[in-house]
Amino acid sequence: QVQLVEFGGGLVQAGGSLRLSCAASGPTFNIDTHTVGWFRQTPGKEREFLAAIGQGVGSAQYADSVKGRFTISSDKNTVYLQMNNLKPEDTAVYYCAALYVGTWSREADYPYWGQGTQVTVSS
């Protein structure tokens, strides 16, 4: 079992930055053997993959919508999402998720999810 808790959401002006943290815990979790992904969701829309890191990813992977603005990194069992040059369309609930076996870009392959953290970008 893996538990995930996100931190760092909030309100920021367009062009600003935020860093989200995802603290992973559990007897079986290890960043070297798991993949951790960041997703986001806005009301009425499907959850969107943003970035992934860890086992099976190779170098970090990003969605085109955030490439060059967002950076995923890890330190022990915490995974970060540094978000720069934020835009109003980045407003969403952000989730981290973990998987042991599966495809890093496929939401359905992630069995473990955090509770989400709200990010609001004002224009």
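The values are calculated or read from the model by the stated rules, or taken from the named source; none is laboratory data. In this text, all values refer to a predicted model and were calculated from it rather than measured experimentally. Every residue, glycine as well, gets a Cβ built from its backbone with ideal geometry; the counts of neighbours run over all protein chains shown. Please note that ligands, DNA and RNA were not included when accessible areas were found on the heavy atoms of the full protein model with its side chains. Shrake-Rupley method; radii C 1.70, N 1.55, O 1.52, S 1.80 Å.
Per-residue Karplus couplings for the stretch 107-123, computed as 6.51 cos²θ - 1.76 cosθ + 1.60 with θ equal to phi - 60°, are listed in order as 3, 5, 7, 8, x, 10, 9, x, 7, x, 9, 7, 10, 10, 10, 8, 8 Hz, Gly and Pro entered as x. Along the axis of the charge dipole computed for the chain (Cβ charges of +1 for Lys and Arg, -1 for Asp and Glu, origin at the Cα centre), the listed residues GLY114, SER21, VAL2 are led at the positive end by SER21. Shown in residue order for the stretch 39-55 are the 3J(HN,Hα) couplings computed by the Karplus curve 6.51 cos²θ - 1.76 cosθ + 1.60 at θ = phi - 60°: 10, 9, 8, 10, x, x, 10, 6, 5, 10, 5, 10, 6, 8, 8, x, 4 Hz (x for Gly and Pro). For SER73, the solvent-accessible surface with a 1.4 Å probe is about 50 Å², rounded to the nearest 10. For the chain, the Stokes-Einstein estimate of translational diffusion at 37 °C and a viscosity of 0.692 mPa s comes to 232 µm²/s, using the Kirkwood hydrodynamic radius over alpha-carbon pairs.
Work out the FRET efficiency for SER65 and ASP109 from their Cβ-Cβ distance, taking R0 = 22 Å, and round it to the nearest 0.05.
0.65
Take the stretch 1-91 with all the other protein chains still there, run a 1.4 Å probe, and you get 50 Å² of accessible area per residue. One decimal place: the segment SER73-ARG19 gains 18.4 nm when fully extended, by the rule 0.36 nm per residue minus the C-alpha distance.
Whole-Hz Karplus values for the stretch 2-11 come out as 10, 10, 10, 9, 9, 9, x, x, x, 9 Hz, taken residue by residue from phi with 6.51 cos²θ - 1.76 cosθ + 1.60 and θ = phi - 60°; glycine and proline positions read x. The lysines within cross-link reach of LYS87, meaning a Cα-to-Cα straight distance under 27 Å and a gap of 8 or more places when in the same chain, are LYS45, LYS67. Structural descriptor for the chain: relative contact order 35 percent, calculated from alpha carbon pairs under 8 angstrom and at least 6 residues apart. Restricting the trypsin sites (Lys or Arg not before Pro) of the stretch 28-93 to loop positions (DSSP other than H, G, I, E, B) with no more than 12 neighbouring Cβ atoms within 10 Å leaves LYS45, LYS67, LYS76. Near ARG69, no amide H atom lies under 5 Å from its own; only residues 5 or more places off or on other chains count, and H is placed 1.01 Å from N.
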